[in-house]
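The values are calculated or read from the model by the stated rules, or taken from the named source; none is laboratory data. Values in this document were obtained by computation on a predicted structure and should not be read as measured data. Positions of Cβ are generated from backbone atoms using ideal geometry, with glycine treated the same way; all protein chains shown enter the neighbour counts. Remember, those area values only see protein heavy atoms, side chains included, never the ligands or the DNA or RNA. Shrake-Rupley method; radii C 1.70, N 1.55, O 1.52, S 1.80 Å.
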Amino acid sequence: MISIQNVSKHYGTFQVLTDCSTEVNKGEVIVVCGPSGSGKSTLIKCVNGLEPFQSGTITVDGVSVGDPKTNLSKLRSRVGMVFQHFELFPHMSITDNLTIAQVKVLGRSKDEATDKGLKLLDRVGLKAHAAKFPGQLSGGQQQRVAIARALAMDPICMLFDEPTSALDPEMINEVLDVMVELAQEGMTMMCVTHEMGFARKVANRIVFMDQGQIVEDDAKDAFFGNPRSERARQFLAKILTH
Amino acid sequence: MGYQWNWSIFGSTVPTGETTYLVWLLSGLQTTILLSLSAWLLALALGSLTGVLRTVPSKPLSTLASAYVELFRNIPLLVQLFIWYFVLPEILPFGLGDAFKQQLSPLTQQFLSAMLCLAFFTSARVAEQVRAGINALPRGQRAAGLALGFTLPQTYRHVLLPMAFRLIVPPLTSECLNIFKNSAVCSTIGLLELAAQGRQLVDYTAQPYESFIAITLLYLVINVVVMGLMRIVEARARVPGYLGSK
């Protein structure tokens, strides 16, 4: 589904990604983790072309992201993305947030889009808030709406860029529950997150990054049981002690 | 002081006899409003376009837009007005300048030059505010629009501009007030707008205090109305749960 081959990226002389390669197969859940500044957010943004990269190739469902001839808008409309700061559109009601891209990008009718949007809103448990505006919801609620908004486009895979990092501890679980459910339904997911409980529960593989490189790319049990690199061992020791 | 106040001058007839001084003032008011409003609409359109171009991820386009802003922002308004009115018609190619001078009435020439001058001058300032409004939005908003499959123009249209314009209503109000006040400069090319009519009244009636008090009050009324209208715009565009709303 997603194939990342030897991707490198630099801003001026600063190397952000160095020779990164990994795969996400259909129905797989991959968790990308690592210390801050390790390039994990940049990597996931390269997958739908939000960040350009200088060398290597990324293909999503057979379409090359870096190819200048690729219709990026079309590709992005098939790849759901959830952001750290939710990024709902504050001037639109929740319903409009859920429907606008369906109507403007996919060309669905207003009624069809509303139907779909409200069904997904119900699924994330927020049907009662359809007429509200994003500023009137809590962070956790906003993030669930953001997930529903991405799902409304019927994506072939979902990218999560630290979806719980900006949330109060009490709200993290309501978002993770939605993500776990999604994973169990077989959605292809690439998640940048530090939620190791989530990773243990649903991830197929863990990609560990440090200083712009993929240091470890292992099955979940191997990664948690016996990480091969010293850097990953240190990282796990630090985040799992509490 | 020995000044003879005489408020009845506004009702007395002008030397040519066909009307009163009050009508002169009101026709000046009308010109000021027409001139400023048309210039404001053009400034808003040009400024929005230029402001947007300053924020697009294209070096040539944003450089071009910056050059535009610096050009119109860094030359005094009066000098720009003289260029539009006295210089441009002489150097316009393809007979356009001659057409301007020969086929348009002097009044239309003055009005057009003044309108374009005010519009371009103000558009540079509007552009700066539009740019600031867009840059004040969280960076992720652009990414979120693009990630949903919106093209860049769609992202501006549906995601960035609706919020950016809401943010800049207060500074745009100041610009709108400014364009009405700046329009007084256009009396220097002979356009009979409010300030020019006021001066004409002084010349004819020798009652400077009454004349200037009258035009002062009229400018004040215009700007109070503009502020009131912009308040309504601001209240209507308010986003629930966001920035200073309930």
* To do: Order A:His85, A:His91, most accessible first, counting only protein heavy atoms with a 1.4 angstrom probe.
  => A:His85, A:His91
* Asked: If you line up the long axis of helix A:230-240 against the longest principal axis of chain A, both from Cα atoms, how many degrees apart are they, to the nearest 10?
  -> 40 degrees
* Asked: Where the accessible area of segment B:1-145 is counted over protein heavy atoms with a 1.4 Å probe, how much of it, in %, is carbon and sulfur?
  -> 68 percent
* Would you mind listing how long segment A:50-162 runs along its three principal axes, going by Cα atoms, in whole Å with the largest first? => 46, 31, 23
* **Fraction in percent of alpha-carbon pairs per bin - 10 Å, the protein assembly as shown** => 4, 16, 21, 18, 14, 11, 8, 5, 3, 1, 0
* Asked: Under the rule of -39500 (n - 2.57) per DSSP H run of 4 or more residues, summed and divided by the residues of chain A, what mean residue ellipticity at 222 nm is obtained, to the nearest 500 deg cm²/dmol?
  -> -11000 deg cm²/dmol
* To do: Loop sites only, by DSSP: take the chymotrypsin sites (Phe, Trp or Tyr not before Pro) in chain B that have at most 11 other C-beta atoms within 10 Å and name the longest stretch containing none of them.
  => B:95-246
* So what is the accessible area of chain A per residue, in Å², with the probe set to 1.4 Å? -> 42 Å²
* Structure fact -> For segment A:4-17, Karplus-derived ³J(HN,Hα) couplings (6.51, -1.76, 1.60; θ = phi - 60°; whole Hz; x for glycine and proline) come out as 10, 10, 6, 7, 10, 8, 9, 9, x, 9, 8, 7, 9, 10
* Among all helices in chain B defined by DSSP H, which have a length of 30 Å or more along the axis from Cα atoms plus a Kyte-Doolittle mean of at least -1.0? -> B:21-53, B:106-136, B:208-236
* Once you charge only the Cβ atoms, +1 for Lys and Arg and -1 for Asp and Glu, what is the size of the charge dipole of segment B:36-237 about its Cα centre, to the nearest 20 debye? -> 900 debye
* To do: Would you kindly calculate the translational diffusion coefficient of chain A, applying Stokes-Einstein with the Kirkwood radius from alpha carbon pairs, for 20 °C and a viscosity of 1.002 mPa s, and quote it in µm² s⁻¹ without decimals?
  => 116 µm²/s
* **Solvent exposure ordering (accessible area, 1.4 Å, most first) of B:Leu118, B:Leu192, B:Leu96** => B:Leu96, B:Leu192, B:Leu118
* Structure fact -> Amide H neighbours of A:Phe160 at under 5 Å, excluding residues fewer than 5 places away on the same chain, with H built from the backbone geometry, are A:Val82, A:Met190, A:Cys191, A:Val192
* Quick one: if you stick a label point 7 Å off each Cα along the C-beta vector at A:Gln234 and B:Arg238, how many nm between them? -> 5.3 nm
* First measure r as the distance between the Cβ atoms of B:Leu104 and A:His10, then evaluate 1/(1 + (r/R0)^6) with R0 = 56 Å and state the FRET efficiency to the nearest 0.05. => 0.45
* To do: Would you list, by chain and number, the lysines whose Cα falls below 22 Å from the Cα of A:Lys119, excluding same-chain residues fewer than 8 positions away?
  => A:Lys104, A:Lys110, A:Lys127, A:Lys132
* To the nearest 20 debye, what charge dipole does the protein assembly as shown have about its Cα centre, counting +1 at the Cβ of each Lys and Arg and -1 at the Cβ of each Asp and Glu? -> 220 debye
* Asked: Over all pairs of distinct alpha carbons, what does the Kirkwood formula give as the hydrodynamic radius of chain B, in Å?
  -> 20.5 Å
* Structure fact -> Quick calc, B:Ser12 & B:Tyr209: beta-carbon distance into FRET formula, R0 25 Å, rounding 0.05, result 0.95
* **10 Å Cβ shell holding at most 15 others, DSSP loop, trypsin sites (Lys or Arg not before Pro): longest site-free stretch of chain A** => A:70-227
* Charges only on Cβ, +1 for Lys and Arg, -1 for Asp and Glu: so what's the dipole of chain A about the Cα centre, in debye to the nearest 20? -> 360 debye
